[in-house]
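J.: Got a structure for you, questions after.
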Amino acid sequence: VTLLAVLGPDLVASLVPADTPILRADDLGAVRGDGVFETVDVRAGAPWLLDAHLDRMARSAAALDLDLPPRTALEALAGALCAAWPADDEGQLRIVATRGPESGGPPTVYATLKPITDKQRAQRRDGIAVRTLPLGVPAGLRTAEPALLAGAKTLSYAVNMAALREAERRGADDALFVSTDGYVLEGTRANLVMAVDGRFVTPRTDIGILAGTTQADVFRFAEGEGIATSYELVTLADLEAADALWLLSSVRQAAPVRSVNGVTRAMDLAMTERINDFLLSREQ
Ligand code: PLP
């Protein structure tokens with residue numbers, strides 16, 4: 001099942017058949033990747049951490065000088081989909097806002113909801129193989145230049161998807177970007193968290209990466225458990241020395257890393273289960 005909801009010019013959200021054409025051929029989201037999006041986990045019939053996602057979507061849109069519709073309209077879009085979704089099924093909700101047609105007009109705003117895949121579910125349990133790949137920029141560059149849209153979740157994911165395919169060609173499940181000055185950044189669609197001497201460490205978010213809602217939630221879990229947390233500049237040597245690694249994102253949750261560049265890594269499966277139990281079972 002895939003569900004589709006669109007926001008009309010009157011800002012009313014309506015559910016439409018999933019195969020309804022809703023983009024014009026000159027939509028700037030399609031022809032330039034000019035727009036923003038969020039992917040949200042849906043469970044118990046509700047979008048998880050929707051507030052944090054809509055906060056980030058507003059920050060992304062501000063970075064692009066893109067006028068988003070009012071937040072209540074985006075909430076209504078998510079609500080229209082969730083109301084039509086079986087409450088027992090876990091789903092992935094994608095909310096998209098593009099700059100609209102090149103010939104002028106309001107942003108194109110829509111959302112889809114589809115089931116999570118067996119692969120996504122399996123990675124929470126079985127772990128993932130990761131390849132490091134260069135992103136081609138120094139860690140400090142993107143935050144120094146606003147036009148590089150540091151930390152904005154834009155529709156321009158062609159590089160991320162190419163890195164994912166490249167990682168897969170080399171026998172891995174996902175890529176981990178590394179800056180030209182040797183700092184570990186983030187996955188193609190996920191953040192890195194490492195266990196280091198009983199602490200949880202994640203790359204600093206002032207190096208152009210996306211501030212993850214799942215990573216923030218995992219740090220909340222850690223703080224509740226008395227585990228110290230910190231944001232650091234993480235080198236490849238730090239990555240190699242860490243006791244355990246996870247890639248975190250809204251739909252996949254915590255996927256333990258079972259190898260990096262073909263080298264097997266120890267997975268802390270007991271901790272993975274505790275993290276995912278926290279992420280999956282908690283009231284909002
Ligand atoms: N980094 C990138 C590049 C992403 O695209 C995503 C999410 O899709 C994340 C990190 C993880 O963010 P979140 O946990 O909020 O889903």
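Results for (1) over 24 Å from Ala190 (Cβ atoms); (2) open to solvent by 20 Å² or more (accessible area, probe 1.4 Å); (3) at pLDDT 95 or above, shown as yes or no for each residue.
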residue	(1), (2), (3)
Ala18	yes, yes, yes
Gly45	yes, yes, no
His53	no, no, yes
Gly79	yes, yes, yes
Pro107	yes, yes, yes
Pro115	no, yes, yes
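J.: Name the one entry in Gly198, Gly127, Gly140 that is away from the ligand (no atom under 15 Å from the Cβ), at positive phi and either of a type in the set (A, V, I, L, M, F, W, C) or surrounded by fewer than 20 Cβ atoms within 10 Å (Cβ to Cβ) (or both).
T.: None of the others qualify; the one that does is Gly198.
J.: Also, I was wondering about something else. So Val263 clears everything in (1) without any contact (Cβ under 8 Å) to a residue 24 or more places away in the chain; (2) hydrophobic (A, V, I, L, M, F, W, C); (3) closer than 16 Å to Phe221 by Cα except one condition, right? Which one?
T.: With respect to (1) without any contact (Cβ under 8 Å) to a residue 24 or more places away in the chain; (2) hydrophobic (A, V, I, L, M, F, W, C); (3) closer than 16 Å to Phe221 by Cα, Val263 is out only on (3).
J.: Hey, any hits in region 4-24 for a residue that's closer than 30 Å to Ala147 by Cβ, within 16 Å of the ligand (Cβ to nearest atom), assigned to a strand (DSSP E or B) and under 23 Å from the mean Cα position of the chain (by Cα)?
T.: The answer is no, given that none of the residues of region 4-24 is closer than 30 Å to Ala147 by Cβ, within 16 Å of the ligand (Cβ to nearest atom), assigned to a strand (DSSP E or B) and under 23 Å from the mean Cα position of the chain (by Cα).
J.: Here are some conditions: (1) in contact (Cβ under 8 Å) with a residue 12 or more places away in the chain; (2) under 19 Å from Ala129 (Cα atoms). Arg199 meets all but one. Which one does it not meet?
T.: Only one criterion in (1) in contact (Cβ under 8 Å) with a residue 12 or more places away in the chain; (2) under 19 Å from Ala129 (Cα atoms) is unmet by Arg199, namely (2).
Yes or no, residue by residue, for (1) open to solvent by less than 10 Å² (accessible area, probe 1.4 Å); (2) within 16 Å of the ligand (Cβ to nearest atom); (3) touching a residue at least 60 places away in the same chain (Cβ under 8 Å):
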site: Leu185; (1), (2), (3): yes, yes, no
site: Thr188; (1), (2), (3): yes, yes, no
site: Ala216; (1), (2), (3): no, yes, yes
site: Gly226; (1), (2), (3): no, no, no
site: Tyr231; (1), (2), (3): no, yes, no
site: Glu240; (1), (2), (3): no, no, no
site: Ala244; (1), (2), (3): yes, no, no
site: Ser250; (1), (2), (3): no, yes, yes
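J.: Which of the numbered conditions does Ile207 fail, given that it passes all the others? Conditions: (1) under 30 Å from Ala30 (Cα atoms); (2) open to solvent by 30 Å² or more (accessible area, probe 1.4 Å); (3) within 15 Å of the ligand (Cβ to nearest atom); (4) not small (Gly, Ala, Ser).
T.: With respect to (1) under 30 Å from Ala30 (Cα atoms); (2) open to solvent by 30 Å² or more (accessible area, probe 1.4 Å); (3) within 15 Å of the ligand (Cβ to nearest atom); (4) not small (Gly, Ala, Ser), Ile207 is out only on (2).
J.: Could you pull out every one of the helices (runs of 4 or more DSSP H) wholly within region 200-284 that has 2 or more residues that are in contact with a helix residue (DSSP H, G or I) (Cβ under 7 Å, 6 or more places away or on another chain)?
T.: Passing ranges, in order: 213-224, 269-281.
The values are calculated or read from the model by the stated rules, or taken from the named source; none is laboratory data. Predicted, not measured: the structure shown is a model, and the values here were computed from it. Neighbour counts are summed over all protein chains in view; Cβ atoms, including those assigned to glycine, are modelled from backbone coordinates with ideal geometry. Protein only, heavy atoms only, side chains kept; ligands, DNA and RNA dropped before computing areas. Shrake-Rupley method; radii C 1.70, N 1.55, O 1.52, S 1.80 Å.
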